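Since every read-out is calculated from the coordinates, none of them should be taken as a lab result. All figures in this text were calculated on a predicted structure; none of them were measured in a lab. FYI the Cβ positions are ideal-geometry reconstructions off the backbone, even for glycines, and counts take in every protein chain you see.
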Amino acid sequence: MKIKTHLNGGLLILLILAFSGLAFAAGGRVKGKVQDAQTKEPLPFCNVILVGTSFGSATDFDGLYQINAVPPGKYILRASFIGYKQEEVSIEVKEGKTTEYNFNLSPESVYGDTIVITAQAEGQAKAINEQLTSVTIKNVVSFAKIRELPDANAAESVARLPGVSLIRTGGEGSRVVVRGLSPQYNRVTIDGVELPANVTSNDPNEHRSEFKAGDELSLSGDRATDLSMISSNMLGGIEVVKAITPDMDATLLGGVINFSMRKALKTTTGKPSFEFFTQGSHNNLKNTNDDYKFVASYEQRFWNNRFGIFAQGSAEDRNLSANELSADYNFAGKLNVTDEGDPEFRSMTLTDVLRDRKRYGATVVLDYKYSNGSIGFMNFFSRSNTKTISRNESYHLLDDDLFYSATNSENTLDILSNLLSISHSVAGFGIELRLSHSYSKTTYPNDVRFNFWQNGAGYENKFTLLRYQRPEVIASNVVYDPEDAVFFDIYNIDNTSKDRTYNGTLDIRRDITISKLVNAKIKFGGAYQYRKRSYDYNQSSGSVFYDDGGQVASAVLKAFPQFGTSITFSDFIDSSYSYGEFLNGDYQLGPPLNVDLMMQVIEVAKKNPGAGNGGGYKPHKLSSILYDYSGHEVKSAAYFMTSINLGQKITFIPGVRYQNLTTTYNGIRGEQIPGDIQYTVAEETQSHGYWLPMAHLRYKPTDWLQFHFAYTNTLNYPDYNSIIPRYYIGTNYILYNNYRLKPARSENFDAIMSIYTNEIGLFSVGGFKKRIKDLVFPTKTYPKDFSAYPELQEKLKNRKESFALYTYINNPIPIDVLGVEGEWQAHFWYLPEPFTGLVFNINYTHIFSEADYPKTYLITILDENFIQKTVSVDTFYTDRLLFQPNDIINVALGYDYKGFSFRVSMLYQDNIFKRPDFWYQNRVHSDKYVRFDLSVKQELPWYGIQLYLNINNLTGEDDVDINQKTKYVTNQQRYGMTADFGMRVRL
């Protein structure tokens, strides 16, 4: 009730403040259009001002501008757009009247020569102008620029911007890291509609009941969004907002990644426009040429351009195969003892991944404009179906074991978003209503894993010799003996994750005129979101090796008499499959497993569940119950902000936002009992509301220099799976989700200086600082007192044994993240022919942070009676934030000449922090990554045909992670080079 009272009272105050401005709102209106004088294409985000006053506006997507509440009088109206000649005109504004003027701007030229703005220069200019006119601090990829990039999806395009790095799957960008903050700390939207979280994991190795790692207590993902299902072809632009304003959802620590959908362009004829796009691809790693992509779109405007339809459909099949290495080195030191030793090798896995992903997408965007407003209806659907076959070899040095395994997995991801937006002006107020719906469903219907165990991998008596060696040395010493590798265990998993969200926002704007040199725009409103999530997980598993009575093995031998009297890996060798040059020939794998035969055998195993504790093949009761959950969230917000213009030099934007999240989830609370598990279903509700003050200051001392300062406060809500009221009490450990977790809060400071002229283009440099409080971390402790966890205290009050507690906490120590970003975007139109078509972009980011990670150790001491006892010591260690890179550099050089175009780009990123640990010998970061991409296009003189060639990862760069101490490889992923050749036809 208190929260509702605060919201209602706050909205009443906002309405009083808004209507108090009515007395100042008289005057006239200036409106019009700005377009390219040659092509007649609209110029969005063009800056239009009344010289010598505080009045101005930026054009919208269609090149339209409107300046309200202008006092009567004579003015100089000026339009300026980077890359074009500035234009001025004298106008007169009359009380209550509308003065209209349309600008036709010409590209900047040398000595009056005619200059044609090329496609790449157009994309660059629009991105520059959008950044400069924005009241937020953001970076932009324009529609024209997207079409010039050789990117497989939207995530790859976002990574071209300053401060952005990628997490890849199959060599393809899937999740985005902004300013060194993990993907779950960003907010991803389509036309402002938040995309539901859709990152899930279904690796059978992660679902063992013997889970003890403590690094992850959940299985079904987090609040991160997979961007790989968004095709670049359907986008009208991309923006990464790094300093928000109060009218934006504050659920972010890194940034807002917004994808704007294409809509029908205005035409003079009203005729329909069609575009067809077809592409074939070559995958160098697997030497395949059967990838394809088809895209078809239709757009048309009716009724004198007032009503528009844009529709697009796409189908794609892409090979995302990989060679992967994962090596585990471990160093176990003693507290308060300096030890410069190296970590010891524990195990490693080599994986050949055969991955095929089919994507289907559909977009329909309708928009209607009328005299006092507009109506838009956006619909987006995407489905991806990924089939993966992984063949693995795992080496365990200390135990002298070799495991052969294979996984057959299929994953379907559906995304649906709908948005109805209504914008209307009445009585001097601008009102915008947005109603949206989004839905995601991720399904793993039937994942299967087989495992064979060879006890005796050739490491006997070699532990001392090999324990500090590199992975390639470990692998070269393995001895394959398929006849001695026994059929060990099976996993069969299915799960479904659903997320449905309804949103409503209302924004009200009002222009207020105080004098010619002082005016303001006030804006206030609110938002409401209802979100429902559920997760259902099921697992059947068991060890055939430990099957009492051998029911599974007997049934399999009966069904497959060719196996003889025992089932060994030699019966499953697939002589028709080749690994090729695995990891560029640095490793030689043993014989591959026959996956088709594996799938036949599991059908037999399903009908013969076996017997014994963990033996045979049967539903795994603990896993199939423990991880299920459902629940809902309600998020509400109200805000007020004003934009005060003091002349054309100073814009001050203060404001405040109140945002609240109430979560209600139910989960399973289980306890191990002899031979079984007992459990109950629990439901918990938590509510968190915060006032978030913000302010922006933009200062333009000259026509070519701008400073932008921002102070903002933002939030990050804990992952769904960390607040599900779930726990499991095992024999000597407890897995406990902490539903009392608070949101992390970040106090953000941003400053950026921009220099912009037609000759320079845009040169900007800036810095940021974030102080993050209550960031959520996983921990492992050994508590003696469970009073902080009442549910556990009641359960454990009569038990004498000690427990290791794996849970999540809010870090009590604030974390500082700092960074510097710089970029230069230039078009060399002033050079002599043929160099006028050169376009250059470069940006650089350096990030540094300091986070304190909690850590608890067990040590043995002597008590006062000189009796040994074990006690726990709570401490912490300091390092960077997880996934934070040190340096990111993007460089691109493009050239257009008549119908020919090329673009070569380079991405450099180094030292991304991948694994924190108390001992620096166990910490992992990425090796330097340098990637080159090339795009070549040629226009043909018939039917708007364009031929193109895109080469991605030209040098076949691998993603490599290394141990901080030894520089040994701990993770390596090789995707190779891919090449796309296609044709685009526009009619």
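Annotation for L947 and S515: the two label points, set 7 Å from Cα along the Cα-Cβ direction, are 6.6 nm apart.
Given R₀ = 56 Å, what would the calculated FRET efficiency be for K532 paired with K967, taking r from the Cβ atoms and rounding to 0.05? After rounding to 0.05, the efficiency reads 0.75. The phi torsions of segment 625-641, fed into the Karplus equation with coefficients 6.51, -1.76 and 1.60 and a -60° offset, translate into couplings of 10, 4, 8, 6, 7, 8, x, 9, 10, 10, 10, 10, 7, 9, 8, 9, 8 Hz, rounded to whole numbers, with Gly and Pro shown as x. The value of relative contact order for segment 126-986, using C-alpha pairs under 8 Å at least six residues apart, is 11 percent. Using the Karplus relation 6.51 cos²θ - 1.76 cosθ + 1.60 with θ = phi - 60°, the per-residue 3J(HN,Hα) values for segment 388-404 come to 10, 10, 10, 10, 10, 10, 10, 10, 10, 5, 5, 8, 6, 10, 10, 10, 9 Hz, with x marking Gly and Pro. Once the Cα-Cα distance is subtracted from the 0.36 nm per residue extended length, the Q938 to F302 segment shows a gain of 225.8 nm.
One Cα centroid belongs to segment 963-987, the other to segment 408-431; the line between them spans 33 Å. Relative to the current alpha-carbon distance between N461 and D574, full extension at 0.36 nm per residue lengthens the span by 37.5 nm.
Applied to segment 281-289, the Karplus parametrisation 6.51 cos²θ - 1.76 cosθ + 1.60 on θ = phi - 60° returns per-residue 3J(HN,Hα) values of 9, 10, 10, 6, 5, 9, 6, 10, 9 Hz, with x for Gly and Pro.
By the count of other C-beta atoms within 10 Å, a proxy for reagent exposure, D60, D191 are ordered fewest to most as D60, D191.
Residues whose amide H lies under 5 Å from that of C46, counting only those 5 or more places away or on a different chain, are T59; hydrogens are built 1.01 Å from N in the peptide plane. Restriction of the GluC sites (Glu not before Pro) in segment 726-807 to DSSP coil positions whose beta-carbon has at most 14 other beta-carbons within 10 angstrom yields E759, E801.
Give the angle, between 0 and 90 degrees and rounded to the nearest 10, that separates the Cα long axis of helix 119-133 from the longest principal axis of the Cα atoms of the chain. Rounded to the nearest ten degrees, it is 80.
The alpha-carbon of K784 sits under 12 angstrom from the alpha-carbons of these aspartates and glutamates, leaving out residues fewer than 8 places away in its chain: E801. Taking only DSSP H segments of four or more residues, each worth -39500 (n - 2.57), what value at 222 nm results for the chain once the sum is divided by all its residues, to the nearest 500 deg cm²/dmol? After summing the helix terms and dividing by the residues of the chain, the value is -2500 deg cm²/dmol. Each Lys and Arg contributes +1 and each Asp and Glu -1, all at the Cβ; summed about the Cα centre of the chain, the dipole is approximately 4040 debye.
In this structure, the amide hydrogen of D399, modeled 1.01 Å from its nitrogen in the peptide plane, lies closer than 5 angstrom to no residue at least 5 positions away or on a different chain.
Computed from Cα positions, the angle between helix 2-19 and the longest principal axis of the chain comes to roughly 20 degrees.
The amide H of G173, built 1.01 Å from its N in the peptide plane, has E156 as neighbours under 5 Å, considering only residues 5 or more places off or on other chains. Along the charge dipole of the chain, pointing to its positive end and built from +1/-1 on Cβ of Lys, Arg, Asp and Glu, which listed residue (T807, Q469, A224) has its Cα farthest out? Of the listed residues, the answer is A224. Say the dipole of the chain comes from +1 at the beta carbon of Lys and Arg and -1 at that of Asp and Glu; which of V30, Y665, F768 then lies farthest toward its positive end? Checking the options against the dipole of the chain, the answer is V30. Here the spin labels are modelled as points 7 Å beyond Cα on the Cα-Cβ line, and at E275 and F294 they lie 1.9 nm apart.
Positive end of the dipole of segment 126-986 (Cβ unit charges, origin at the Cα centre): among V969, F709, I723, the Cα lying farthest that way belongs to F709. Cross-link check: pairs K145/K369; K523/K773; K97/K521; K700/K742; K700/K928; K898/K928 evaluated at a Cα-Cα cut-off of 31 Å; pairs beyond the cut-off: K700/K742; K700/K928; K898/K928. For segment 587-684, the fraction of C-alpha pairs farther apart than 19 angstrom is 73 percent.
Report the relative contact order of segment 389-502, percent, no decimals, based on alpha-carbon pairs under 8 angstrom and at least 6 residues apart. 31 percent. With the cut-off at under 19 Å, measuring from each backbone N in segment 742-772 to a point 7 Å along the Cα-to-Cβ line of I889 picks out 763-766. If R0 is taken as 56 Å, the Cβ-Cβ distance between K649 and V426 corresponds to a FRET efficiency of 0.95. What is the calculated FRET efficiency for T731 to T955, with r their C-beta to C-beta distance and R₀ = 51 Å, to the nearest 0.05? The value I calculate is 0.50. Taking every Cα-Cα distance in segment 126-986 and sorting them into 20 Å bins starting at zero, the pair-distance distribution P(r) comes out as 13, 45, 33, 8, 0 percent.
Among the trypsin sites (Lys or Arg not before Pro) in segment 270-337, which ones are in a DSSP loop with at most 11 other Cβ atoms within 10 Å of the Cβ? Mind listing them?
Working: sites: K286, K293, R301, R306, R318, K334; in loops: K286, R306, K334.
Filter output for segment 270-337: K334.
Compared with the dominant principal axis of the Cα atoms in the chain, helix 595-606 is inclined by about 60°.
The lysines whose alpha-carbon is closer than 23 Å to the alpha-carbon of K558, local same-chain residues fewer than 8 away aside, are K606, K607, K618. What net charge do the residues around M598 carry, taking every other residue with its C-beta under 11 Å from that of M598, with Lys and Arg at +1 and Asp and Glu at -1? Here the count lands on -2.
Here's the picture: a label point sits 7 Å out from the Cα of K898 along the beta-carbon direction, and within segment 923-941 the residues with their amide nitrogen under 20 Å of it are 936-941. Other residues whose C-beta falls under 11 angstrom from the C-beta of N330 contribute a net charge of -2, scoring Lys and Arg +1 and Asp and Glu -1.
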